[in-house]
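Read the structure below first, then the notes.
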Amino acid sequence: MTQPINRLYLLYHELRTTPSDYSYVVETAAFEKQMDLFHQLQKADAPGLRPEITFDDGHISNFELALPILQSRAIKAWFFITVGWTGQKPGYMDWSELRSLHQAGQQIGAHGWTHTLLTHCNDAGLHRELVEARLTLEEKLGTSITTMSLPGGRSNQRILAACRKAGYEQVFTSVPKPEPDPAASTIGRLNIRGDMTLEGIADLFQPGSKALSGMERQHRIKAAAKTMLGDRIYAKLWALLNRQEPDNDAGESYGQ
Ligand SMILES: [Zn+2]
């Protein structure tokens, strides 16, 4: 009898060819080793989790550095795009780069229009972040867009209902947990930080991984802290703990 396969979705943001203290940057050489590991795990015929790769925000390094590494290993990833930043914000992809990414067989989803936390949006704001973002991506790329990821991972029942109404069949969150059903309406993800070692990452994929249940527990504690402290105080604390760079305004809303 075949064992059911659980998947562990991983979340990346930015790659750099040089080391960085910023926790949301992964060095290219480390990313390459991680993709070698994931390529092996995806083909593996053994119990344990299968990795899936996702990127949030649409940083230019996704196209320039990550794409060739993924293509050479035949790995298909998801790229969730902050639509209002495309071709507008320095350091982020433009439409022709995004089209090349899509034409290379990579999967594209939405990540809002302005990267505002959706829980802070009124109905008109939600329309822009969800509906206009989807329609613009569809028009520019000539494909249907049915997946999105939540800026800063923030959501509640109202947001999930608005996502469904806006035409998204799947919403990717920042809750690190194994996923038994790749077609589920919400998909949790584990954020890969720049300071994680290859051994530490490999541990997460072992059957019954204690490292993974530790991260699930840590996430629940952080979610409780957000509720108690409120988003503004939490964001300040987060920036301090993650060595946020002063010029990187995506950082505050990355906040996991
Ligand atoms: Zn983001």
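The values are calculated or read from the model by the stated rules, or taken from the named source; none is laboratory data. Bear in mind the structure is a predicted one, so any value in this text is a computation, not a measurement. All Cβ positions, glycine included, derive from the backbone under ideal geometry; neighbour counts span all protein chains shown.
A few comments on the model shown:
- Taking the criterion of being touching an Asp or Glu at 6+ places or on another chain (Cβ under 9 Å), in a strand (DSSP E or B) and either within 16 Å of the ligand (Cβ to nearest atom) or among the small types (Gly, Ala, Ser) (or both), the residues of the range 50-70 that qualify are Phe55, Asp57, His59.
- Within the range 163-221, the residues that satisfy the criterion of being within 30 Å of His127 (Cβ to Cβ) and aliphatic (A, V, I, L, M) are Ala166, Val171, Val175, Ala183, Ala184, Ile187.
- Enumeration of residues in the range 1-49 that are over 18 Å from the mean Cα position of the chain (by Cα) and assigned to a helix (DSSP H, G or I): Ala29, Lys33, Asp36, Leu37, His39, Gln40, Leu41, Gln42, Lys43
- The range 108-127, residues that are in contact with a helix residue (DSSP H, G or I) (Cβ under 9 Å, 6 or more places away or on another chain) and away from the ligand (no atom under 16 Å from the Cβ): Asp123, Gly125, Leu126, His127
- Some residue of the range 126-145 being surrounded by fewer than 17 Cβ atoms within 10 Å (Cβ to Cβ) and either within 19 Å of Ala66 (Cβ to Cβ) or in contact (Cβ under 8 Å) with a residue 60 or more places away in the chain (or both): no
- Scanning the range 91-142 for residues that are over 19 Å from Asp56 (Cβ atoms) and of a type in the set (Val, Ile, Thr) returns a single hit, Val131.
- So Gly251, is it modelled with pLDDT of 80 or more, within 14 Å of the ligand (Cβ to nearest atom) and within 18 Å of the chain's Cα centre (by Cα): no
- Evaluation of Gly91 against the conditions (1) away from the ligand (no atom under 15 Å from the Cβ); (2) surrounded by fewer than 16 Cβ atoms within 10 Å (Cβ to Cβ); (3) modelled with pLDDT of 95 or more shows that the sole unmet condition is (1).
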